[in-house]
Every structure is written in structure tokens, then in C-alpha cells.
1. Report, to one decimal in Å, the Kirkwood hydrodynamic radius for the stretch 17-121 based on all distinct Cα pairs.
2. Taking the Cα-to-Cβ direction at Glu91 and at Arg115 and moving 7 Å from each Cα, how far apart do the two end points lie in nm?
3. Quick one: the Cα spread of the stretch 232-294 along its three principal axes, in angstroms, biggest first?
4. Rolling a 1.4 Å sphere over the protein heavy atoms, what is the accessible area per residue of the chain, to the nearest Å²?
5. Kindly state, to the nearest 0.05, the FRET efficiency for Glu198 paired with Ala176, given R0 = 25 Å and r defined as their beta-carbon distance.
6. Can you pull the Rg over Rh of the chain, Cα-only, Kirkwood?
7. Per 0.36 nm of contour for each residue apart, how much would the distance between Ala52 and Ala240 grow if the chain were fully extended, relative to their Cα-Cα spacing?
8. Compute from the Cα atoms of the stretch 170-294 the Rg and the Dmax, the latter being the longest Cα-Cα distance, and quote both in angstrom.
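The values are calculated or read from the model by the stated rules, or taken from the named source; none is laboratory data. Model, not experiment: these values are computed from the prediction. Note that we place each Cβ from the backbone using ideal geometry, even for glycine, and neighbour counts take in every protein chain shown. With ligands, DNA and RNA removed, areas are computed over all heavy atoms of the protein, side chains included. Shrake-Rupley method; radii C 1.70, N 1.55, O 1.52, S 1.80 Å.
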Amino acid sequence: MNRVAVLLDAALRNAWAFEELPWHLEVDPERHIFPWESFFAAGLRQFRAMSASQRHSFVFRETCFHLSNLLVGERSGEHLIAQVLVLTAKERPAHREILALMAQEEAKHFLALQRYLSQKAGVIYPPCSKLQSALHAIEACAWPEMKVLIGQVVFEWNAASLLATLVTKAREPLLAAVLRVNLRDEARHLAYSQELREPLAKVIAGRTAPEMEDLVFESIRASVAAHLAEPVWDELGLTARQMRRHALQRLEHLGILHRYRTLVPDQLERCGFPTRHLRRRLGQGLVKGLISNA
């Protein structure tokens, strides 16, 4: 059994039903099942000055901001995979079924997150503008291999990292259940992206690819920008510039920016994408403009 067949079998065996999630549970942001420590605001005087209840509520809304970005990412992921299914149906017929299942899984992720945010949490934010622009650019891209590569290696990797963090911190049962099934599917999607090494190498061979690199670069930058929960941080009374600076320092301190500069290019390289010039660009310009344009 080849690798795609193995992934397909796993997807069929581990399929989950939307209505089987514990939707009967209520969500109360002020209960202690939500962490009181903010991922980014921790250490700030303004955050420490809040009461315990205020901190729980703040972290809850910060979590909802990140889930709102995941929401738009899941919808775009569904579109991207559907595009790839249509564009590659003749040349890679063996991949049709796994792509169809992946599109269905992305749709279920979207519906579950949408229901959680709108009906249970009652808090939903507009997506990060840089993230939305990058997703639109990938959807408009002509190369199906690039759609899957960026969609899975850049955006899915970012989503999986965030999901893993939220799963370990969130003790709210309904959110934990939604995130667990999502993360299980995303891990399989990332494994599928590794099957694109050969077709991607063929696409790149003999072709100048600066526009491909631009798509990857801006997608990685958008993933960083999506961490900046400015609509929530406004409650602290800090300027956007101050909060962005603090957040980027936190991202650097926690090693997250290092992962974007090294681990994401490593994954892209394993899929056949040339990364020497991209690594230099990420080293010099990953966060450029994310503060100065505040």
C-alpha cells in the first residue's frame, strides 16, 4: 500500500461526525477552565493590574481572535483543496479521493469553529487583513502544487502549531473537543504535502520562480501578522505600535520567529522547493513593517 493509500485509509477510519461533538456544553469565559495567563500580554503592567475575572475574560477573547483567523484559514483551505482536485484530476487520479476527503475535513473544521465562536462563545473577530490577502493570493495562484504546498506547509503548519498550543492550555471541554479532531486531521494533511516533492520539483524545473518565492514569503509574513491580536489588545490602553513591538519581542523570545525562519523553509525544502534565497529574505525581512506601519 503506497503512502497516499495509507493516508486515505486513516482518513476513512478516523472520520468524525460534526454532531457527535459535545455541543450541549455551555461556554463561560469567566470560569477557571480558561487559562488566566495571556500568551502575549503576560508581563505587562496593564495586564497584571486586571482582576482575575478580567484576565480570564481577556484571554478568552484573545483565544477567540486566534480561532477567528483559523476560521478563515479553514474556509480557504477547503477552496484550495477543491481547486487542486479539479486541476489535477487527470494527471493524478490516485489522489482524487484523498483530496476530496481533505476538502470535506476542512469544511467540517470551518463549520465547527464557526458554531463554537458564533453560538457558544458569542465572540468572532474579522480576520487579520494580511492573512486574508495572502490566502486570496494563493487561491488565485495558477499552480496547483503551490496551492497545496503553501496551504499545507505554511498555513497548515501554522494552524497545527496554534492548535497544539491551544489544546494544551484550553481546559474548556467543548473547545478542547473541537481542537482535538481538527488537529488530528491537520496532521494527516501535513503528511500528504510530503507526497508533492516529485510533482513540485517537475513544476519548478526549468522555470524561474521569483513569483513562487514571493507567494511563500508573503504567506509566512502573514502567518506572523496573524499572531497580533490587536482588537483585543486595544483593551489594555496601549498603542498598536507598543503592543506590536511587545508581541514581536515575545515571539522572538519564545522561538516562534526562529521556527518561521528555519523550520518552515526546512519543510519547504523537503518538498523540493529551493529555499536559499528565501532564507535570506526571512532573516532580513520577516517582521519588517509589522511595527513601522503602526
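1. Values: mean 1/r = 0.0617 Å⁻¹.
One over the average 1/r among Cα pairs gives 16.2 Å for the stretch 17-121.
2. 3.8
3. 46, 21, 17
4. On the way: 13310 Å² over 294 residues.
With all protein chains present, the chain gives 45 Å² per residue.
5. Values: r = 38 Å, r/R0 = 1.52.
Computed FRET efficiency for Glu198 and Ala176: 0.10.
6. Numbers: Rg = 19.4 Å, Rh = 19.9 Å.
Rg/Rh for the chain comes to 0.97.
7. Details: separation 188, 0.36 × 188 = 67.68 nm, distance 2.42 nm.
Full-extension gain reported as 65.3 nm.
8. Final numbers for Rg and Dmax: 17.6, 53 Å.
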